[in-house]
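Comments concern the structure below.
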Amino acid sequence: MKDFRDQIAFITGGASGAGFGQAQVFGRAGAKIVIADVRASAIEKALADLKTEGITAHGIVLDITDRAGYARAADEVERVFGAPPTLLFNTAGVNSFGPVENSTYDDFDWIIGVNLGGVVNGMVTFVPRMIKTGKPGHIVTTSSLGGLMGSAFAAPYSAAKAAVVNLMESYRQSLEKYGIGVSVVCPANIKSNIAEASKLRPAQYGQSGYVENADSIASLHSIHIHGMEPVELAGHIKRGIEENQLYIIPYPEAKDGLKKHFDAIVESVLPLEADPEGARKRVEALQRWAADRARVFSKGDNQS
Ligand SMILES: NC(=O)c1ccc[n+]([C@@H]2O[C@H](COP(=O)([O-])OP(=O)(O)OC[C@H]3O[C@@H](n4cnc5c(N)ncnc54)[C@H](O)[C@@H]3O)[C@@H](O)[C@H]2O)c1
């Protein structure tokens, strides 16, 4: 997609940080913006800012972990703008840091629930609606550099963000035939309010093994104050959509670490000479299975 005029962009977490940067950049490029965020007052402020720029924008209070709420939000977009989104930004996210061995079920359930579950809900809600319009579209999900390698201090977050990378790889393969592109953004550091995320933690996930207090929040702010400006990041995302890139990682400082990490994975694979016959049989079996599945699904027999 290269022309954003009159596209409908649904942006989760659009009231702050990376999501608000997306609202500004795609709004300036002519898209109609839907800001979906859990914080009503932040939505109001974001909408007022967008409107002063002449950007058409609508706000929806949505907790992305609420599936029924998500379906209502999708209906609302169609009522307000007359059609489902052609641009979906799964941007909302939360984090919390502590040693992995201290992590509680509540730490896992909250962090994975928002960062992975929220993205799943966005995809299950919107992908069928986007396909049905028959229009070209694009989906951008915000993961993290943490999603490309494990982290002793942000394990549930990293695990959720890793799953999101993998999920976008899968959707990309499937949605190409509908003219819907899929990208995943892996930021390193954004100038945002994510340091305040623990304030959004629902009471039902109150048992944490981490330490969250004014000091820990202040120390996170001291990192994010040096992060990339959201509008700059959104500019990279816009180029990523225009060029239909799968991975959008506009952080050159990440390159050496990523190379080392993925080289270690590739180098752990046995060389082909170790078992050429076994490898050939395994590949052929997989290809037969994939061809068979493709045949079944092309007949529309999804139950097989
Ligand atoms: N800040 C960074 O350095 C950094 C680095 C890598 C990835 N990310 C990712 O970028 C994305 C955007 O975060 P940000 O840094 O702009 O933070 P931010 O806190 O400024 O913005 C996140 C927005 O998401 C909203 N939100 C949180 N939980 C929600 C929920 N359950 N339902 C709906 N909205 C919800 C918040 O209200 C907030 O407005 C997140 O997915 C985050 O994990 C951030």
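The values are calculated or read from the model by the stated rules, or taken from the named source; none is laboratory data. Every value quoted in this text rests on a predicted model; they were computed, and no experiment measured them. All Cβ positions, even for glycine, are placed from backbone atoms using ideal geometry, and neighbour counts span all protein chains on display. What goes into the accessible areas is simple: the full protein's heavy atoms, side chains included, and nothing from ligands, DNA or RNA. Shrake-Rupley method; radii C 1.70, N 1.55, O 1.52, S 1.80 Å.
Observations, loosely collected:
- Test set (1) within 13 Å of the chain's Cα centre (by Cα); (2) within 13 Å of the ligand (Cβ to nearest atom) - Glu169 fails condition number: (2)
- Scanning segment 186-198 for residues that are open to solvent by 10 Å² or more (accessible area, probe 1.4 Å) and either modelled with pLDDT under 95 or more than 6 Å from the ligand (Cβ to nearest atom) (or both) gives Ala188, Lys191, Glu196, Ser198.
- Scanning segment 225-243 for residues that are touching a residue at least 60 places away in the same chain (Cβ under 8 Å) and open to solvent by 70 Å² or more (accessible area, probe 1.4 Å) turns up Glu229, Glu232.
- Annotation note: Cβ proximity below 9 Å between a residue of segment 117-136 that is outside any helix (DSSP H, G or I) and a residue that is surrounded by fewer than 18 Cβ atoms within 10 Å (Cβ to Cβ) (sequence gap 6+ or interchain) occurs for Gly134/Tyr178; Gly134/Gly179; Lys135/Ala83; Lys135/Gly179; Pro136/Met1; Pro136/Tyr178; Pro136/Gly179.
- Of all residues in segment 199-213, those satisfying the criterion of being buried (at least 16 other Cβ atoms within 10 Å of the Cβ) and within 13 Å of the ligand (Cβ to nearest atom) are Arg201, Tyr205.
- Selection over segment 118-144 of residues that are aliphatic (A, V, I, L, M), within 13 Å of the ligand (Cβ to nearest atom) and either at pLDDT below 95 or buried (at least 20 other Cβ atoms within 10 Å of the Cβ) (or both) gives a count of 2.
- Only listed residue being more than 19 Å from the chain's Cα centre (by Cα) and surrounded by 12 or more Cβ atoms within 10 Å (Cβ to Cβ), chosen from Ser183, Ser216: Ser216
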